[in-house]
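The values are calculated or read from the model by the stated rules, or taken from the named source; none is laboratory data. Worth saying up front: this structure is predicted, and the values here are computed from it rather than measured. Every residue, glycine as well, gets a Cβ built from its backbone with ideal geometry; the counts of neighbours run over all protein chains shown.
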Amino acid sequence: MPLYLSLLFVTFAFAANSVVTRFALETTEIDAVSFSLIRLLAGAMTFMLIFMLRRQLIQSIKKSLGRPLLCAAALFVYALCFSLAYLQLASGMGALLLFGSVQLTLMSFSYLAGERFGKLEFTGLILAAMSMVILCWPQQNESLAADWQSIILMTTAGSAWALFTFLGRTCKDPLTETGLSFMLCGLLSLPLLILFSDSLTLLGGLYAILSGAIFSALAYAAWYLILPRLGGAEIISSQLSVPALAAFGGWLWLSEPIDSQFLFALLILIIGIIMVFKGKTKK
């Protein structure tokens, strides 16, 4: 598949994850825990199939004896909090909270690891944090309001995904690392699904499989395969488009309104992340 078609698929897949999760929890009887577990299990089976087709299953399992356990724990927290948060959050708001918290957490990890920011990067970091405050500011429109529990869950999901990403920064094969983490989560998810599933429905389960197999596993696999061929501007522009696409999908499929507060928060976040990127480029 050509590079930009792959990038387009990945971008839409990341946005679709928010819309599909919200749609499944809103329109079917499946509970958030079951959705998360099935999503992880479907992702694990997809990566297992990918490794088998590449004849790398045994080699990949041998590599799973170290760090992937911590990565799998972070992935599990991300997936569970992600689904629980979407019981209340609109698609666009959830995606923007997720993306913002991922970026802020990654920047914090980098700072703790010894990296120091210039004036441009620091200003961008402040703007990114301000966008989260703007987004979560109490709103008069009750249809757009979200309780603080959902906000905390989504920011926790973003922080967990940031930890997963940060742990994988030094690995030589991110695709294998991601696949192993999904496979470990799948091993954990199956017994938990049997023991703790509250309300599992066929249609809800199909949405969870779609989320885990296509919009998670295949999207992550495609992302890590094309990542070395992308420039920094292409990477950041694709990621910044995810909240906007998720908001549009929520408006189209779930009639979720898009108000000026969301658009303003999105604009501030975009400006902030671009400033951070520009600061890193100058270095």
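Quick rundown of the values:
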{"item": "Qualifying helices (runs of 4 or more DSSP H) (wholly inside region 19-100; at least 1 residues being at pLDDT below 90 and either touching a strand residue (DSSP E or B) at 6+ places or on another chain (Cβ under 6 Å) or of a type in the set (Gly, Ala, Ser) (or both))", "result": "57-62, 68-85"}
{"item": "Given (1) buried (at least 23 other Cβ atoms within 10 Å of the Cβ); (2) under 27 Å from residue 276 (Cα atoms), number of the condition residue 105 does not satisfy", "result": "(1)"}
{"item": "Search result, residues across region 243-262 that are closer than 16 Å to residue 99 by Cα and crowded, with 22+ Cβ neighbours inside 10 Å", "result": "243, 246, 247, 262"}
{"item": "Hits in region 84-101 (condition: among the hydroxyl-bearing types (Ser, Thr, Tyr) and within 11 Å of the chain's Cα centre (by Cα))", "result": "101"}
{"item": "Entirely in region 114-200, the helices (runs of 4 or more DSSP H) that have 3 or more residues that are modelled with pLDDT under 80", "result": "119-136, 174-196"}
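Here's the yes/no breakdown for (1) among the polar types (S, T, N, Q); (2) under 18 Å from residue 25 (Cα atoms); (3) free of Cβ contacts under 8 Å to residues at least 12 places away in the same chain; (4) surrounded by fewer than 20 Cβ atoms within 10 Å (Cβ to Cβ):
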residue	(1), (2), (3), (4)
184	no, no, no, no
188	no, no, no, yes
192	no, no, no, yes
199	yes, yes, no, yes
202	no, yes, yes, yes
206	no, yes, yes, yes
210	no, yes, no, yes
218	no, no, no, yes
